[in-house]
Amino acid sequence: MAARTNGGIRRIIHKTIEEILDNPLNEEVYGLFLQVKDSPRHIAIKTENLFNEVFYICSRFSEDSKPEEHLADYAQEIESDLGWHYASELVMVIAYVFLGNGKRRPQKIQRIMEAIKRQYWNVYYWHVFCEREYLNSKKPHEKVKLLSLHDLAKMNDKAIIIQVQQAEINVNCPGNQIIQQQKNDYNKKANSNGK
């Protein structure tokens, strides 16, 4: 992978997979990458190239005084570097994770993170890689876990809040007819198995 110097010429920066995985956060992100490597589409980017591109784009963000204004340019550069149309989605989401890992975030980093979130929150990779942001949250209703309707029916006493844009939906609300039907079906099945 390469990084631009002030003159616009690229210099080669390349970490091997061993060097990349010598960091707990990188190792965690690598594990998540393995989960999505073949879903929903096969990712043909070599792991080393992907991580090196993420490191490169993060360094570009730090060199840019207003990176949030050039997000589309960075996305185009990522696609050009890696050769796949989905590459920018994947790199930007992983870059968001890396940028958010620091204890102190300067305003510039906050701005680029907000821009990335606005642009990429709805892509498939966002939920896989950024779920850890919500799992580490202090508010219990913000924790994210995929549950089936059957699982939801078993959780009578827990508040399950789903946020859709600005609206919060309480799944266990008495007016939620789908969940109420699932609870009835679950209770009937539990009662018939218990007899």
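The values are calculated or read from the model by the stated rules, or taken from the named source; none is laboratory data. All values derive from a computational prediction rather than experimental measurement. FYI the Cβ positions are ideal-geometry reconstructions off the backbone, even for glycines, and counts take in every protein chain you see.
Inspect all residues belonging to the range 24-32 and state whether any of them is more than 19 Å from the chain's Cα centre (by Cα) and either in the same structural domain as Asn122 (by TED's automatic domain parsing) or at pLDDT below 90 (or both). Please lay out each step first, then the result.
Start the filter on the range 24-32 by keeping residues that are more than 19 Å from the chain's Cα centre (by Cα), which leaves none.
Taking every residue of the range 24-32 in turn, none turns out to be more than 19 Å from the chain's Cα centre (by Cα) and either in the same structural domain as Asn122 (by TED's automatic domain parsing) or at pLDDT below 90 (or both).
Within the range 46-62, is even one residue exposed (fewer than 11 other Cβ atoms within 10 Å of the Cβ) and in the same structural domain as Pro106 (by TED's automatic domain parsing)?
The initial filter retains those residues of the range 46-62 that are exposed (fewer than 11 other Cβ atoms within 10 Å of the Cβ), namely none.
Within the range 46-62 (the criterion being exposed (fewer than 11 other Cβ atoms within 10 Å of the Cβ) and in the same structural domain as Pro106 (by TED's automatic domain parsing)), the answer is no, since none of the residues qualifies.
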Meets criteria (in a helix (DSSP H, G or I), in the same structural domain as Leu34 (by TED's automatic domain parsing) and over 16 Å from Leu32 (Cβ atoms)) for Ile112
yes
Elements of type helices (runs of 4 or more DSSP H) in the range 16-64, at least 1 residues being touching a Pro at 6+ places or on another chain (Cβ under 7 Å):
47-63
Return a yes/no flag: does the range 89-98 have any residue that is touching a Leu at 6+ places or on another chain (Cβ under 8 Å) and modelled with pLDDT under 90.
no
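Restrict the check to the range 91-98 and report whether at least one residue is more than 21 Å from Ile17 (Cα to Cα) and in the same structural domain as Ala44 (by TED's automatic domain parsing).
Step one: of the range 91-98, the residues more than 21 Å from Ile17 (Cα to Cα) are none.
No - not one qualifying residue is present in the range 91-98.
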